[in-house]
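Read-outs: derived from the displayed coordinates by stated rules, not from any lab. If you're wondering where the values come from, they're calculated on a predicted model, not measured in any experiment. Positions of Cβ are generated from backbone atoms using ideal geometry, with glycine treated the same way; all protein chains shown enter the neighbour counts.
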Amino acid sequence: MARKLLNISELSSSQTQTGAYALILEVNGTNQRIPIIIGAYEAQAIALQLEGLKPSRPLTHDLFQSFTNAFNVSVLEIEINRFSAGVFYSRIICFDGEHRVEIDSRTSDAVALAVRFNCPIYCDDEVIKQTAVEMEEEEEDDELLGFDLPDDDTDEMMQQEELTISELEALLQKMIDEENYEEASRIRDEINQRKNK
């Protein structure tokens, strides 16, 4: 079956479901986007890896990666292969040096593993036809990879602007230790922005 490469375009709070997130996958080289609603835990697992943040203890997807590495199993690719009744179905394609194995997976877990193994994400053309939406050029320019900031965080962000870089780094470590990864990613962005000035 024909398929196309996908890239992660955006990860943000869902506008339609409380406590859920929208993972937007871009069909490579096109204006087509596939929106997938995922849970907060999976969104956190994807965002942490994309942001380069390391939790104090391994998350489930990190444990899976350590386990497969220990037994010399590699994840070759992820494939979103079916869409039915509003649900995306995916496969994780693994290889142990001799055998190629396909494992059924939730799409959110598959993407969380794809970013850890740095492997491609593919989607069957039929799924793209059923689920992709065309984005206008102006909408693409407004895209942001990361969590949306709630309105009530404005004061907190202003307080962070008054901290020194070393104070921000200490606060970043504190947020990671407390497993407040959304706030940690914001603080990390603030540190990087200051260092790049």
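At full extension, N196 and R100 could sit 30.2 nm farther apart than now, given 0.36 nm per residue minus the alpha carbon distance. Ratio of Rg to Rh for region 58-100: 1.09 [Cα atoms; Kirkwood radius as inverse mean 1/r over pairs]. Most tightly packed first, judged by the mean number of other beta-carbon atoms within 10 Å of their residues, the peptides 18-26, 68-76, 168-176 read 18-26, 168-176, 68-76. Model label points for T18 and E178, set 7 angstrom from Cα along the Cα-to-Cβ axis, are 2.3 nm apart. When the square roots of the Cα gyration tensor eigenvalues are ordered a ≥ b ≥ c, the ratio a/c for region 3-141 is 1.5 or more and a/b does not exceed b/c, which makes its shape oblate.
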